[in-house]
Amino acid sequence: AVPDIVTISKCLGGGKRAIGAMVTSQEMFRRAYGKTKDASTHTTTFGGLGESCAVAIEALNIIGQPEFLADVRAKGDYLRTGLEWVRGRHPGAIRGITGRGLFYGVDFEFGALLGALKHLPRIPFIQRTAETVLMGTMVREFYRRYGILTHFSGSDPTILHVMPPLIVERHQLDRFITALDELLERGLLTLAARFVGDTAVEVIR
């Protein structure tokens, strides 16, 4: 089936700037915007910026090349294999790996770690805050120790987002996998204690 509307965003800009697009059939577009009074209903933040649009067109040309997509799939499989290897080495720390291609989520099991904190109140808000601290600890360590940028969503702080660019090299994927393994080996509670201490010092300053 062909969808009526497809939205494309972010990576369409080819790394130059955020740019989004809506793709639809000519008939649906005409019905929505085909009259003068409706022509400006769909607005844009980059309209008229020819250079950004030229980059977007070239990004589509590159992404559409079969050999490029085959390479992306191969690197995605390679990354998944590495993530599963780390999960096998730390089965109590990682609950699962989700995603495909070069967009993965590493779902951490923080329950056992938080259970070790005997005096931590079993209140959902407190639990979520503690999970956020643990994930924030990892994100900071990835950046400070390894120069790797990662992130997570506040709506689910147990999932680390792994989204390398499509042009990533395998040795860079190896570096991330090694970093993840080393962080788990060092112990998140120890790193989190240092993270909280450093944050408190910064607030006092």
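The values are calculated or read from the model by the stated rules, or taken from the named source; none is laboratory data. None of these values were measured; they are calculated from a predicted model. Glycine also receives a Cβ, built like all others from the backbone with ideal geometry; neighbour counts cover every protein chain displayed. The protein model used for the area step is the full one, side chains on, heavy atoms only, and it has no ligands, DNA or RNA in it. Shrake-Rupley method; radii C 1.70, N 1.55, O 1.52, S 1.80 Å.
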Discussion item. Under 9 Å between Cβ atoms, which residue pairs at least 6 apart in sequence (or on different chains) link something in segment 129-157 that is under 18 Å from residue 174 (Cα atoms) and of a type in the set (S, T, N, Q) with a partner that is open to solvent by 40 Å² or more (accessible area, probe 1.4 Å) and part of a helix (DSSP H, G or I)?
Written reply: 150/143
Worksheet item: Given the structure, is residue 39 loosely packed, with under 15 Cβ neighbours inside 10 Å, of a type in the set (Gly, Ala, Ser) and under 28 Å from residue 165 (Cα atoms)?
Response: no
Response to the item:
Reported set for segment 42-61 where residues are touching a helix residue (DSSP H, G or I) at 6+ places or on another chain (Cβ under 9 Å) and open to solvent by 70 Å² or more (accessible area, probe 1.4 Å) is 42, 60
Worksheet item: Taking segment 148-185 on its own, how many of its residues are open to solvent by 80 Å² or more (accessible area, probe 1.4 Å), modelled with pLDDT under 95 and either over 22 Å from residue 15 (Cα atoms) or of a type in the set (Asp, Glu) (or both)?
Response: 2
Fill in: helices (runs of 4 or more DSSP H) lying entirely in segment 18-110 (those with 1 or more residues that are in contact with a Pro (Cβ under 9 Å, 6 or more places away or on another chain), under 25 Å from residue 156 (Cβ atoms) and aliphatic (A, V, I, L, M))
66-89
Discussion item. Considering only residues that are in a helix (DSSP H, G or I) and out of contact with any helix residue (DSSP H, G or I) (no Cβ under 9 Å at 6 or more places or on another chain), which ones fall in segment 3-17?
Written reply: 10
